Amino acid sequence: MNLTAIAAIYRFEMARTFRTLLQSVVSPVLSTSLYFVVFGAAIGSRIDQVEGVSYGAFIVPGLIMLSVVTQSVTNAAFGIYFPKFIGTIYELLSAPASFLEITAGYVLAAATKSFAIGLIILATAFLFVDITIQHPIWMLAFLVLTCLSFSLLGFIIGIWAQNFEQLQLVPLLIITPLIFLGGSFYSVTMLPPVWQTITLFNPVVYLVSGFRWSFFGLADVAIGWSLLAIVAFTAICIAIIGWIFRTGWRIRS
């Protein structure tokens, strides 16, 4: 394992984050704070509790997932797309580094950024509502796994994209709607039976459910299924990235 290559890519990506701190960190935190004001205060004043938890606190895990997933995908996608755009991707391919090492450098950097944003948003949430985290270790575990898995997805999107429009297409038209429809702002049990069944085909439901369970001990699906879903998703992403580097799809052409 070429740790030097991983560290070099990681440091470069993190340095880019600090150069664009306002866009990378401040912007998503302010956006999420607005969600707290709109959903937590305005709508929360009309919805007393959801499954015994105040609505303002109930939406905190969903809001964190919304920001973390979006940032993981966006950061990883842009990180690998930019070398393709300016042509420096060939320097990476000719370096003594395997696809696992190249992927690890970009994915770990994107996951670190989104993980930090998630923690900042969690700290911000304490300013708006009272939150008790029943399973803090599991909370961190779900947060880390989510950051890593969706950073892998973002890496794939960055390789697939051939222009900046395509780079934003999947996050805007697919990822964000799945998060909003994945129980971020409501419990799946509040839906009619037919829609409860349909919602279970949304992979984000398992992430939000497991993450919310770590806060309040409430889950729409069994925790085992949540862990299995995120592990399977991560494995599929790694397999796809391996195939991309073996075939050179959208990299060498």
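Every number here is computed from the coordinates shown, using simple stated rules; none is lab data. The shown structure was predicted, so the numbers you read here are calculated from the model rather than taken from an experiment. All Cβ positions, even for glycine, are placed from backbone atoms using ideal geometry, and neighbour counts span all protein chains on display.
Calculate, in nm to one decimal, what Gln49 and Phe126 gain on full extension: separation in residues at 0.36 nm each, minus their alpha carbon distance.
25.9 nm
When the helices in the chain are scored as -39500 (n - 2.57) per DSSP H run of 4 or longer and the sum is shared across all residues, what 222 nm value do you end up with, to the nearest 500 deg cm²/dmol?
About -22000 deg cm²/dmol.
Quick one: check the C-alpha center-to-center distance for region 64-106 versus region 208-224, whole angstrom.
What the calculation gives is 31 Å, centre to centre.
What FRET efficiency comes out for the pair Leu191/Thr88, r = Cβ-Cβ distance, R0 = 41 Å, nearest 0.05?
For Leu191 and Thr88, the calculated efficiency is 0.30.
Could you list Phe142, Phe99, Phe150 so that the one with the fewest beta carbons within 10 Å of its beta carbon is first and the one with the most is last?
Phe99, Phe142, Phe150
Can you list the HN-Hα couplings for region 195-209, worked out from phi with the Karplus curve (6.51, -1.76, 1.60; θ = phi - 60°), rounded to whole Hz and with x for Gly and Pro?
6, 4, 5, 5, 4, 5, 7, 8, x, 5, 4, 5, 5, 5, 4
At a Förster distance of 45 Å, what's the computed FRET efficiency of Ile133 paired with Asn2, Cβ-Cβ distance as r, to 0.05?
Computed FRET efficiency for Ile133 and Asn2: 0.75.
Grab the beta carbon distance between Ala15 and Ile223, set R0 = 35 Å, and tell me the FRET efficiency rounded to 0.05.
0.40
Over every pair of different alpha-carbon atoms in the chain, take the mean of 1/r and invert it; report that Kirkwood radius in Å.
18.8
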